[in-house]
Amino acid sequence: MRANVRLLMSLRVLPWRIARFYWRARRHALRSGDHFSLASAARPGELAELLALAAGRHVVVELGTGTAWSAIALALDDDARRIVSYDPSARAERERYLDLAGARVRERIELRAEPDSRGPRAGDQPVQLLFIDSEHARAPVLAAFAAWRQALAPGGVVVFHDYAHPAYPGVREAVDELGLTGSERGGLFVWQAT
């Protein structure tokens, strides 16, 4: 009961549609034993930061789909936003969460079963927001950033998830090695292209 109260309190930072999805998704994960989603999904505070950074940005690329909670939240937040999400490993659980979000949201999320280090496809639009949340070791984060840096729109924002997480020092190591000047916001590192 206490855990539910704490979760409800943390969801207050999210818009209603997203908080409702998060509650339903978490409830499904608990009932189905989906420990991956419970451990890996962005927490409400992180998600609120990501959504604030995404405001007014309609071309979003997510590296690391997992079970698609972040992609769904980004799509729920803005009906004009399109999300392309890369992950070479399609998790079976993600279909259930996409179903929870509904067909109108699902049609604005393009899932690509490709590694994030491949970069954009020919003809893809310049990326206004890039959310890096795939592998958390230094070398893969460096490779993902290198593959996508030239695809950023002027003023595009790159968000590195788990920057402050003690279990994933590779994210901070990669950001430091890249020499990016940005800010830490709620466990995320944010850098803006010029």
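Computed quantities for the displayed model
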item	result
Between 0 and 90°, nearest 10: helix 138-148 axis offset from the chain longest Cα axis	70
Under Karplus coefficients 6.51, -1.76 and 1.60, residue-wise ³J(HN,Hα) of the stretch 124-129 in Hz, glycine/proline x	5, 6, x, 7, 8, 9
Label-point gap, in nm, between residue 6 and residue 181 - each point 7 angstrom along Cα→Cβ	3.9
Whole-Hz couplings from phi, Karplus 6.51/-1.76/1.60, listed for the stretch 8-13; x for Gly and Pro	4, 5, 5, 6, 4, 7
Scattering curve values for the stretch 1-106, log₁₀ I(q)/I(0), Debye with Cα scatterers, q = 0.17, 0.18, 0.19, 0.21 Å⁻¹	-0.76, -0.86, -0.96, -1.19
Cα-based helix-to-principal-axis angle, 16-32 vs the chain, degrees rounded to 10	70
Rg followed by Dmax, in Å, when the stretch 2-192 is reduced to its Cα trace	15.6, 50
In sequence order, calculated HN-Hα J values of the stretch 154-165 (Karplus, 6.51, -1.76, 1.60; Hz; x Gly/Pro)	x, x, x, 10, 10, 10, 9, 7, 6, 4, 9, 6
Percent of Cα pairs exceeding the 21 Å cut-off, where the set is the stretch 89-187	43
Positive-pole candidate from 16, 141, 52, dipole of the chain, charges at beta carbon	16
DSSP beta bridge pairing in the chain, given as percent antiparallel to the nearest 5	30
Footprinting exposure proxy for 148, 23 (fewest neighbouring C-beta atoms within 10 Å first)	23, 148
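All of the numbers you see were taken from the coordinates with simple rules; none came from a lab. Worth saying up front: this structure is predicted, and the values here are computed from it rather than measured. Positions of Cβ are backbone-derived with ideal geometry, glycine not excepted, and every protein chain shown enters the neighbour counts.
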